[in-house]
Amino acid sequence: MIDTPKVDWFALGPTLALLGASGVALLASVLVPAWMRKGVAAGLAFLGFALAAILGGAVFAETASPETTIAGSMVQDRLGAFAQVVVGAIGAIVVLVSWAEPRRSHRGEYYALLAAAGAGMVFFVTASNLMTLFLGLEWFSLCLYVLVAYDTHRARSLEAGLKYLIVGGFGSAILLFGSALVYGATGELGFAEIAAAGAGSDPFLVAGLAMVLGGLAFKVSAAPFHMWTPDVYQGSPSSVTSFMSAATKVAAMLVLLRVLTTAFPEEREIWTVAVAVLAAVSLVWGNLAAFAQRDVKRLLAFSSVSHAGFMLVAVAAGTEAGAEALLYYLVPYAAMSVGAFAVVAARERELGRDVSLEDLAGLGWERPLLGLSLWVFMLGFAGFPLTGGMFGKLFVFTAAYEAGDWWLVVLGVLATAVSIAYYLNVVRWLYMRTGADLGVALAGGSPPRDAALEVAVALTVLVTVGSFFAAQPILDAAADAARSLPF
Amino acid sequence: MSLPARVSAALAALAFVLTLAGWWSGSPGIDLPWAPSLGLRLSFELDGLGVLYSLLATGIGFAVVLYSGAYVPLHLEHQQRPHRDEVRFFGLLLLFMVSMVGLATARDLILLFVFWDLTAIASYFLIGYDRQEAEARTAALMALVVTGVTAVLLLIGTLVLYAEYGTFSIPELVASVEPGGTVTLAATLMALAGLAKCAQVPFHFWLPRAMAAPSPVSAYLHAAAMVAAGVFLLGRIYPFLETSELLLDGLVVVGFASMFVGGIVALTRDRLKQLLAYSTVSQYGYVVVLYGLGDTVGVVGASFYVIAHALAKSALFLTAGAVAEATGERRLSELGGLRRAMPALALGSGLAAAGLAALPLTIGFFKDELFFQAGVERSPGIAVLTILGAALTFAYIGRFWIGVFLGPTRAPAHRVSALLTGPVVALGGLVLVGGLLPEPFVALANAAAEASLGAAASVDVFYHLDARAENLMALSAYAIGAAALAAPRVWRAAAETCARLGERLGPERVYVATIRSLNETSDRIHGIEVRDLRTRIAAILVPGGLLVLLGLLATPTAGAYTVGSLDRGDTALVLVLATAALAAIATTLPRQHLTLLLVAASVGFSLAVVYAFLGGPDVALVAVLVETTLTLLFIGVFALMPRASLRRLAALRTPPTRRWRDPLVGAAAALAAFLVVWGALSRPSVGESVAEEHVRLTPDAHAKDVVTAILTDFRGLDTLGEITVVAIAFFGIATLLRRGRLS
Amino acid sequence: MSGPGVGWYLILSAVVFGTGALGVMLRRSPLIVLLSLELMLNAANLALIAFARQQGDLDGQVFALAVMAVAAAEVAIGLGLIVALARRDLPLDVDQASALKG
């Protein structure tokens, strides 16, 4: 008689909610009459994400200390629950952003895929062995490959999908080979067991660690593993970009943190240096590359690379304070990122083409809400006050300084200095010129207001600004979540 | 006056009165928790320094709002902009005022930083208020970049102190700092932020540009808000500054440099507002010198100087605006003799100019008296420099007032609203009142200095009718200044050379060059980024390979590199291994898709055989199944694809430039992987015996079915994940291959 | 255990992985790039199974099974994308795919 593992349905709740939503939405997009397919599917996806966030919150509240469940393949802890809440909230907002995407066929399947990608992410963040890690990664990546290429009538979308698949597949292969090497060195797949195996500085383990780190670096788009990011962010439908830029980053960053701290505590000296190097390269390359971009989505893509750099600075600290800083940073970052791409999506729909900086001219006057919001997001990205971005930077720098990485602080300050120039350039375009000055007219007059998108943008602004004024609750949650990691 | 102007004026006046009331009632404060786990508090207190700058912000603000009530509608009319833009102007002005008051009263370094940046943001929009003008846009951006970037230094200084002392609260920090490297570092960073904000050399270039703002904004910015915030910060962090003599001496150097650079350039400027802007650089140089000289006299002098300068400078900027509205001219060379057409304005700004020039009976006389006194206390050399600085001020401000109001009338002036002259006269009047009755102003300065010094300060000023050093110094300054005014030919060429040299070599060039080189670097990076996909993957693989190699080199690989021996019984397996290896290598050769597919499939099938040898028959079976399915899938796709495009693809050759590089990169990666394995072989082989043990135990563990059992039972969750992935893949493909109806 | 030491398998695995990586970088046809990706994943599988054998534990085999299915799914999606691109008569050459250059 073989013992069957106990299945913890509660811990699986968020994943199942989204998976269920995805399945039902898929059914609905085939069975329901055509006119209400989109509504039903979108509603289901929204509910799924909201439910995942709520269940994640419940797990957070109920789980005082981490427990591994289901034969050690997943862990139920506050870190994972924190990520589930954030990913769930991002997904729900992205459903709103996607609502008015001009698309005449297969509108239901889009939401099913979105929910499936979300399910993959909330599964991924609870991974506690290398197999679950790889499966979770592939789970949401496959959904994203399809979502990126979803607008099959746009050559750029298909091209971006193919590029993402090839580069992403390459990253997965590296991650997998690294996992194999780690397995070879320790004979274990579970993170805690790998750490306990105490393989010391076995060359397999070190090489495997490097490859696992590299594979995850693809997903968080840390330079030099970011090469797909600008093309894919630019080519995907903007609503998908907003989801990817926020949710993938949150999930992959937290899993990176989890793997490094739980599976490789003995190798801390090695990985803190490697992560610090990745952080430095991301900060330098991301900011420099963003500086002269004209296409707004590309600019935001490089800005996302540079923010990966800031987050990795926190990881490189290798301390609980660093983990807390990272967790806090992710909240306003996710909100700003979703919001910024949502504004770009709105402009894209108005103009019917890719949005360059020139195309933003006058948005601040024509669409006060969107203009003001983009303004808030840019200041937040640059770390100006009244946005959580400021505290994010402060915490990250503090963690790095206390960990003795003063050179990363210096680099971060220089990167911030450069970034201020290009973020402000966006604001300058928003407000300093009216569209009429440049002869940029709205395509097809003024399209109807997109209420869902405006609600979504307003929510993200609320989080961006709210995380500044109500920093304490987020900090508390971040501290609780960080405590579930072995420091 | 329009409604927004009225409301703003009422609010400014109310705030002014409340601040005064607060001062009299004795430093009220608010203290609420914000983020307790960090010790972050919403903590405000109206201490001496807070009172001083709040009074300036609201008082000067009140005058500026009144003036704007008449100025802004005219301004908008000139630019043919709608009247509702007025609302935005006053809104931003109020935001500016609030952030200034917040800054002045913040008791917490984080709060300080928050309001610091808010003043920068508010000024950004006000400087760029004339958004249709390229000059205004550039100026606004430059102001925000320079002050925003240096503000980060303030934040870093804050975190350095926090990391050392565990608190953001200014009083607590003041109580606990001890002289040392940490505090000096923090204070230096913060002082740099302050110096950039009050436009000291070498950060001064943004301020003259910012004169592109509407005149009332300039008046407010220079006298009471943005720029004044810079010296306010120096006053606030003075307890940290004074821990290091070197830092204070540095302030003296920067202050004098700004004083002379600003003064000399001001002598050469033709545009009124530019002249005044450079004069601000020079004037805040005085304040920085005073803080640098330190001691009670220096710190009280600095605070007093700020008051005197604020009253005079705001009046002068408002004058410039009123003159421009009345005549349409903005250049000194095109103005003159306006005393006849605008006597009230001439009087008001005359008083203000006299105040800056430090003539007796104005508040300015005392500002210079304290300045001379601090200089004399330090050293004779410094004293001489102070006289030269004061003489420069006398000269350029004299040049301004004489040029505009005396001499022949050059441009006719039409009548302007009383609201444009009234505030100037009122401010000029205050300059006079301060000269006749300095006690309240000195009391305010003493209170502010008390907040900086942490000890009671009681400096008194009187007119002394004797031959003391300060009086003699003042007289010599007037004499030199007057001589310079009388004989411009003597110095003009030299001053203009200096100014031109500054333009050619100055920090603005550095700023522009930095931005340009950043742009060029960025373009170059963009060029790298948009090369083909494979270049990017190569760019990933090289660092990846390097990482692995570094990891390998960093680990001790003791022992011999042995691969183990082979015996005759292994022949079959070795053959299979060799086949797989050869097949793998063969995949690099063919160009035809089908051939290649078959070769690749043979790798897969050989590997399946290897799996079987390795004791995984079930895995081998699955591998065969998957490999077959995939091969069929590929063949199906080949059949689906247009023949022509397949042929085109097959004919593609590697461009000659990359023919060597890419294989090299690939070979390096393969070598790295090989080395890893090779290195690994040297480690003690622990596994073999375990494997034998496992083989022995297999029958007990239901060997035939154990993988299946694990798949369904132990690893049920992973299998669920796997199934989901596969399901999603099919559904994804179905979505991708739909017939697009939208085009 | 009889047969060659685990080292031989690992060398083969490294060779296959390197070949796959080479293929991704050298070949311009996306179809071949996908095949090469598949080779890389196969190499990882071989390493997993060899290690499972060495460690005397079955987790590696199970992992390899999961990887096979997932790899197949990934390649299948890639093929779907390629067919979608071919249908729209878009350039399939990886080097030519350059609409996205900002």
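The values are calculated or read from the model by the stated rules, or taken from the named source; none is laboratory data. None of these values were measured; they are calculated from a predicted model. Backbone-built Cβ (ideal geometry, glycine too); neighbour counts: all protein chains shown.
Figures for the structure shown
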| read-out | value |
| --- | --- |
| The listed residue being closer than 16 Å to B:Asp108 by Cα and either in contact (Cβ under 8 Å) with a residue 40 or more places away in the chain or in a strand (DSSP E or B) (or both), out of B:Leu42, B:Leu55 | B:Leu42 |
| Cross-chain or 6+ apart pairs with Cβ under 7 Å, the stretch B:595-622 first and under 19 Å from C:Leu34 (Cα atoms) and more than 10 Å from chain C (Cβ to nearest Cβ), then in a helix (DSSP H, G or I) and at pLDDT 80 or above | B:Phe605/B:Val624; B:Phe605/B:Glu627 |
| Residue match in the stretch B:148-167 (condition: in the same structural domain as B:Leu118 (by TED's automatic domain parsing) and part of a loop (DSSP other than H, G, I, E, B)) | yes |
| Test: residue in the stretch B:446-459 that is within 30 Å of B:Ala324 (Cβ to Cβ) and part of a loop (DSSP other than H, G, I, E, B) | no |
| Test result for B:Ala140, surrounded by fewer than 23 Cβ atoms within 10 Å (Cβ to Cβ), over 13 Å from B:Lys197 (Cβ atoms) and within 12 Å of chain A (Cβ to nearest Cβ) | no |
| The one condition in (1) facing another protein chain (nearest Cβ under 7 Å); (2) more than 12 Å from the chain's Cα centre (by Cα); (3) crowded, with 24+ Cβ neighbours inside 10 Å that C:Val15 fails to fulfil | (3) |
| Lone unmet requirement of (1) touching a Leu at 6+ places or on another chain (Cβ under 8 Å); (2) over 24 Å from A:Ala478 (Cβ atoms) for A:Gly389 | (2) |
| Checking B:Leu155 against (1) more than 27 Å from B:Pro216 (Cα to Cα); (2) more than 11 Å from chain A (Cβ to nearest Cβ), the condition it does not meet | (2) |
| Count of the stretch A:384-404 residues which are modelled with pLDDT under 90 and within 21 Å of the chain's Cα centre (by Cα) | 0 |
| Neighbours by Cβ (under 9 Å, 6+ apart or cross-chain): first from the stretch A:176-191, closer than 10 Å to A:Ala207 by Cα; second polar (S, T, N, Q) | A:Phe177/C:Ser13 |
| Residues within the stretch A:217-258 that are touching a strand residue (DSSP E or B) at 6+ places or on another chain (Cβ under 9 Å) and either within 12 Å of chain B (Cβ to nearest Cβ) or surrounded by fewer than 24 Cβ atoms within 10 Å (Cβ to Cβ) (or both), tallied | 2 |
| All positions within the stretch B:177-189 that are modelled with pLDDT of 90 or more and more than 13 Å from chain A (Cβ to nearest Cβ) | B:Val183, B:Thr184, B:Ala187, B:Thr188 |
| Some residue of the stretch A:43-55 being of a type in the set (Val, Ile, Thr), over 26 Å from the mean Cα position of the chain (by Cα) and either at pLDDT 90 or above or in a loop (DSSP other than H, G, I, E, B) (or both) | no |
| Residues satisfying the stated conditions in the stretch A:448-478, i.e. in contact (Cβ under 8 Å) with a residue 12 or more places away in the chain, among the hydrophobic types (A, V, I, L, M, F, W, C) and not in a helix (DSSP H, G or I) | none |
| One residue from A:Trp365, A:Trp375, A:Trp407 being over 23 Å from the mean Cα position of the chain (by Cα) and within 21 Å of A:Ser306 (Cα to Cα) | A:Trp407 |
| Test: residue in the stretch A:166-174 that is at positive phi and touching a Gly at 6+ places or on another chain (Cβ under 9 Å) | no |
| Unique residue being in contact with a helix residue (DSSP H, G or I) (Cβ under 9 Å, 6 or more places away or on another chain), closer than 15 Å to B:Leu52 by Cα and assigned by TED's automatic domain parsing to the domain that holds B:Thr158 when the list is B:Val217, B:Val231, B:Val299 | B:Val231 |
| Residues satisfying the stated conditions in the stretch A:356-406, i.e. closer than 19 Å to B:Thr150 by Cα and polar (S, T, N, Q) | A:Thr387, A:Thr398 |
| Meets criteria (surrounded by fewer than 16 Cβ atoms within 10 Å (Cβ to Cβ), among the β-branched types (Val, Ile, Thr) and more than 23 Å from B:Gly403 (Cα to Cα)) for B:Val510 | yes |
| Subset of the stretch A:348-404 [buried (at least 21 other Cβ atoms within 10 Å of the Cβ) and polar (S, T, N, Q)] | A:Ser373, A:Thr387, A:Thr398 |
| From B:Ala474, B:Ala469, residue being surrounded by 18 or more Cβ atoms within 10 Å (Cβ to Cβ), in contact (Cβ under 8 Å) with a residue 60 or more places away in the chain and in the same structural domain as B:Gly403 (by TED's automatic domain parsing) | B:Ala474 |
| Check on B:Gly336, touching a Pro at 6+ places or on another chain (Cβ under 7 Å) and either farther than 16 Å from B:Leu420 by Cα or in contact (Cβ under 8 Å) with a residue 60 or more places away in the chain (or both) | yes |
| Answer residue from the stretch B:177-214, given it is without any contact (Cβ under 8 Å) to a residue 40 or more places away in the chain and not hydrophobic (A, V, I, L, M, F, W, C) and is nearest to B:Val152 (Cα to Cα) among those | B:Thr182 |
| Tally of residues being over 30 Å from A:Ala479 (Cβ atoms), of a type in the set (Val, Ile, Thr) and either buried (at least 19 other Cβ atoms within 10 Å of the Cβ) or in contact with a His (Cβ under 8 Å, 6 or more places away or on another chain) (or both) across the stretch A:25-68 | 1 |
| Test for C:Gly7: is it crowded, with 23+ Cβ neighbours inside 10 Å and either more than 19 Å from B:Ala583 (Cβ to Cβ) or at pLDDT below 80 (or both) | no |
| Count - residues of the stretch A:186-206 that are modelled with pLDDT of 85 or more and either surrounded by fewer than 19 Cβ atoms within 10 Å (Cβ to Cβ) or more than 14 Å from chain C (Cβ to nearest Cβ) (or both) | 4 |
| Helices (runs of 4 or more DSSP H) lying entirely in the stretch A:148-221 (those with 3 or more residues that are not aliphatic (A, V, I, L, M)) | A:155-186, A:203-219 |
| Selection from the stretch A:65-80 of residues that are farther than 17 Å from A:Trp9 by Cβ and in contact with a Lys or Arg (Cβ under 8 Å, 6 or more places away or on another chain) | A:Pro66, A:Arg78, A:Leu79 |
| Some residue of the stretch A:122-136 being more than 7 Å from every other protein chain (Cβ to nearest Cβ), touching a Gly at 6+ places or on another chain (Cβ under 9 Å) and of a type in the set (Gly, Ala, Ser) | yes |
